[in-house]
Each structure stands twice: as structure tokens, then as C-alpha cells.
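Quick notes on the structure that follows.
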Amino acid sequence: MNILVIDAQGGGIGRQLVAKLLERIPEADIVAAGTNSMATNAMIKAGAKKAATGENAIRYCASQAEIITGPIGILVANAMLGEISPAIAESVGSSTAPKVLIPTAHCNTIIAGTKALPVKDSIEDAVDRIVRLYGGEDN
């Protein structure tokens, strides 16, 4: 199963997602897609075997993904200090893949009904949900 991890800026959330996913689902086909080379490289260092950088790469990978994960800003045009273009947000949002997103306050998007958790806890929850979607150990 193809899991697409998208991140921007320094790639810290994407790096943590890649590392945790590989711990739980070592056979997963994880594709890291960064809006910039720093974000992409952070995810490669975490163990992603496939990686791409830039708007077109993210748009293409989103159309091929079976699960998409990353910070919630990947759905918000101009989020992450403008690194998420309207085209990226549209391609992620229109993908038929399930999206498991990490809530952050950095993109001025607040999801009612959620509690403000530390990013580490949100990443753990996201990985648990992806493992269930993937059909892994927690199925």
C-alpha cells in the first residue's frame, strides 16, 4: 500500500511520521513529498525510500496515493508560510485516498471538537489510525 507523507518547511512532522510508520509497518511503501528539499531530506533521513520535491511532484503523488498523511496545512491553500500552493491543497483535497492529518495551530485552522495535544501525541494517534487503514497489526 502506497502511503504518501507530505510536509513543508523543515519537514519535522513528516520526519516523525515516516519514522513511526516504518517502526509499525516496515513493509509499507512510503513516499515522502516535500514542498522544499529540506523537508524532503528530513523524511529521507527518517527512512523514506522514495521521495520527491515540489508542487508538481506532490500533485502527482497525491493522485497515486492510497493513504495521505501530514500536517493539516496540506489541505489549506497558502498554509505553512505560503509553501502549500492552491494547486497542492486542491490535489490533496480531491484525492480519493483517506487523509490522516496532524492538527497544528500554524496554519490558523482550528478543528472544533479536538483537544490541543502535543504534536508527538497527535503523530502517535495518526500512526495508529494509518496502521488500521493499512490492515496491519492493530486490525
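The values are calculated or read from the model by the stated rules, or taken from the named source; none is laboratory data. Keep in mind the model is a prediction, meaning the values are calculated, not measured. Methodologically, a virtual Cβ is constructed for each residue, glycine included, from the backbone with ideal geometry; neighbour enumeration extends over all protein chains shown. Protein only, heavy atoms only, side chains kept; ligands, DNA and RNA dropped before computing areas. Shrake-Rupley method; radii C 1.70, N 1.55, O 1.52, S 1.80 Å.
Considering only region 97-128, state which residues are among the β-branched types (Val, Ile, Thr) and open to solvent by 50 Å² or more (accessible area, probe 1.4 Å).
Ile110, Ile111, Thr114, Val119
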Practice problem: Please identify the pairs in which a residue from region 9-35 that is at positive phi has its Cβ atom under 6 Å from the Cβ atom of a residue that is buried (at least 24 other Cβ atoms within 10 Å of the Cβ) and assigned to a strand (DSSP E or B), counting only partners at least 6 apart or on another chain. | Solution: Gly11/Gly34
Quiz item: Across region 82-136, what is the total count of residues that are of a type in the set (A, V, I, L, M, F, W, C), in contact with a Gly (Cβ under 7 Å, 6 or more places away or on another chain) and farther than 21 Å from Val31 by Cα?
Solution: 1
Quiz item: Restricting region 66-96 to residues that are touching a strand residue (DSSP E or B) at 6+ places or on another chain (Cβ under 7 Å) and over 18 Å from Glu55 (Cα atoms), which is surrounded by the most Cβ atoms within 10 Å (Cβ to Cβ)?
Solution: Ile67
Exercise. State whether one or more residues within region 21-31 are farther than 21 Å from Ile130 by Cα and exposed (fewer than 15 other Cβ atoms within 10 Å of the Cβ).
Key: no
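Could you run through region 102-123 and say how many residues are free of Cβ contacts under 8 Å to residues at least 40 places away in the same chain, in a helix (DSSP H, G or I) and within 15 Å of Asp7 (Cβ to Cβ)?
Here the count works out to 3.
Going by what's in this entry, would Val131 be described as farther than 13 Å from Val5 by Cα, open to solvent by less than 10 Å² (accessible area, probe 1.4 Å) and touching a residue at least 60 places away in the same chain (Cβ under 8 Å)?
yes
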Self-check item: Every residue from region 39-53 that is in contact with a Gly (Cβ under 8 Å, 6 or more places away or on another chain) and open to solvent by less than 20 Å² (accessible area, probe 1.4 Å)
Solution: Ala39, Thr40, Ala42, Met43
Self-check item: Residues (in contact (Cβ under 8 Å) with a residue 60 or more places away in the chain and β-branched (Val, Ile, Thr)) located in region 45-87
Solution: Ile67, Ile68, Thr69, Ile74, Ile84
